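These notes concern the structure reproduced below.
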Amino acid sequence: MIGELEVAEAPGSVARPAGARNGMSSMKKVFIKTYGCQMNVYDSERMGEALAASGYGATDTPDDADLIILNTCHIREKAAEKVYSELGRIRDIKEARAATDRETVIAVAGCVAQAEGDEIVRRAPVVDLVIGPQSYHRLPDLIAQRRAGAKAVVETEFPEDDKFSHLPARPLGAKSGPARSPAVRSASAFLTIQEGCDKFCTFCVVPYTRGAEYSRGVAAITDEARRLVASGVREITLLGQNVNAYHGQGDDGRARSLPDLIRHLSDIDGLERLRYTTSHPHDMSDDLIAVHCDTPKLMPYLHLPFQAGSDRILAAMNRKHTAAHYVGLVGRVRAARPDIALSTDIIVGFPGETDADFEATLNIVRTIGFAQAYSFKYSPRPGTPAANMGGQVPELVKIERLARLKALLDAQQSLFNAQCIGRIMPVLFERHGRRDGQLIGRSPYLQSVHAEAAPTLVGRIIPVEIADAGPNSLSGVIRAA
Ligand code: 5AD
Ligand code: SF4
């Protein structure tokens, strides 16, 4: 699974359909709000592109939209509940609009749509369309169906055919253009190569909301990667709920592994950096570890969730690895790529977790030393085995454990960042900073780096000498290459 944007960035990012533009009054407008993981960010972009192909432009505000899509997350209760409070606000917009002649179509997409289906329309009758992640290519059709009928449309099937082959090809866009032109992509893009999960960790809804593991073929991925590069992308993050279980078909019909795919994509001229997320320890093959050593375009960063430090809890979670296995694995990854930055996901307060179990979690963190991490209180999810387990941990205990864990993780992250001071790092500049003349980019270790830099350096990888480090970012000075 994937560390959530709630932690990494502000939630609720807005996808802008490529090729569409704000402010064109005759055009219908769509507002897409994204919750949750990077896979939802990717899906929102693809939905935006599918809608652009059928004439929708983007808007940054729901007040101005003919179509409002909430692309939702179901991983924890809080994430799912946010959707209903947002729908309350949207109902007011729709009611205000009813007085005018403009209709507003409200769609709920993503994992809440998949998990709750009809229940969403029952709880929030304002919703016109509920669409699961496997059906995004049908979005324009389903909107038309809703317009033609009196009832809300609910589409949460897992169709046999794959949505990717039905979505329009990624627009090529332009390498340069006016600021904020939607045709210009950020220098860094996501590319979903795998969806679904067969692991069935007992706390997790993903195997139910995203279904069985599915890997896209190498040719389709390569084509999409080339299109992204042609539109100015320099860094691609390969996404999957279980990305290192990737086994897509190659041109000869034989399955390819993630390391095969990474080596293949690294041959694309103009693509400078590759990353992948999220991985399961069980699928961390020797070859995948080797690719960290032999493929320079693969960035030295690995997000590898361990969830808990106690073997008893790991077994109850159905994680298929022990604490010792995880520590050994990290040792092998570090032997292959000594400077690798490690990130992880951790849950506190899983049913039955004792103080000693929690200490074991802290011990793994102390043993490994993470560059960054996402930590969560266990949240019982309806339909998952752990929700019905005995020994549910009281909320106050979870809060206290999470605070102790976060303090340790924050200290490790600050230390990792501080150790970068004085180093010269290649930084891929992605966007303008808040201050005039400042750009923000990413180091190889995925840290945000701020530097005074000319706007023409957006989209380029430039050496930066790190002068200062905070808990969440670095700042530095550009050095000649
Ligand atoms: N409660 C708390 N955290 C969870 N995660 C997944 N399901 C739950 C849950 N029910 C966390 C895991 C996963 C990350 C994306 O979210 O740590 O890796
Ligand atoms: Fe969820 Fe576990 Fe699958 Fe990750 S590996 S998506 S945590 S079931």
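In a reduced charge model with +1 at each Lys and Arg Cβ and -1 at each Asp and Glu Cβ, segment 424-478 shows a dipole moment near 180 debye about its Cα centre.
What is the packing order of peptides 438-448, 424-434, 297-307, taking the mean over residues of other C-beta atoms within 10 Å and listing the highest first?
Numbers: 438-448: 21.4, 424-434: 18.1, 297-307: 22.9.
Answer by packing, highest mean first, reads 297-307, 438-448, 424-434.
Highest average first, the peptides 308-318, 128-138 ordered by how many other beta carbon atoms sit within 10 Å of their residues are 128-138, 308-318.
Note on the chain: antiparallel DSSP beta bridges, both residues inside, total approximately 35 percent of the bridges counted.
Look at K320, K398 and count the other Cβ atoms within 10 Å of each Cβ; fewest to most, that gives K320, K398.
Taking 4.7 Å between C-beta atoms as the pairing limit, the chain has these partnerless cysteines: C37, C73, C111, C197, C293, C420.
Taking segment 424-478, how much of its Cα-Cα pair set, in percent, is spaced more than 13 angstrom apart?
Working: 712 of 1485 pairs.
Value for segment 424-478 (Cα pairs over 13 Å): 48 percent.
Between the listed residues G309, A169, L474, the Cα displaced farthest toward the positive end of the dipole of the chain, a dipole computed from Cβ unit charges relative to the Cα centre, is found at L474.
Provide Rg over Rh for segment 165-345; use the alpha carbon set for both Rg and the Kirkwood Rh (inverse mean inverse pair distance). It would help to have the intermediate numbers written out before the result.
Values: Rg = 17.4 Å, Rh = 17.4 Å.
In segment 165-345, Rg relative to Rh is 1.00.
Over the chain, the ratio between the Cα radius of gyration and 2.2 N^0.38 Å evaluates to 0.97. Do the alpha carbons of any pairs in K33/K297; K33/K82; K94/K163; K78/K151; K28/K94; K199/K297 sit beyond 20 Å of each other, and which pairs? With Cα atoms farther than 20 Å apart: K33/K297; K94/K163; K78/K151; K199/K297. Projecting the Cα atoms of Q372, C201, A58 onto the charge dipole of the chain (Cβ charges, centred on the Cα centre) puts A58 farthest toward the positive pole.
No lab work stands behind these numbers, since they all come straight from the coordinates. Quick caveat: nothing in here was measured; it's all calculated off a predicted structure. Glycine gets a Cβ as well: all are built from the backbone with ideal geometry, and neighbour counts include every protein chain shown.
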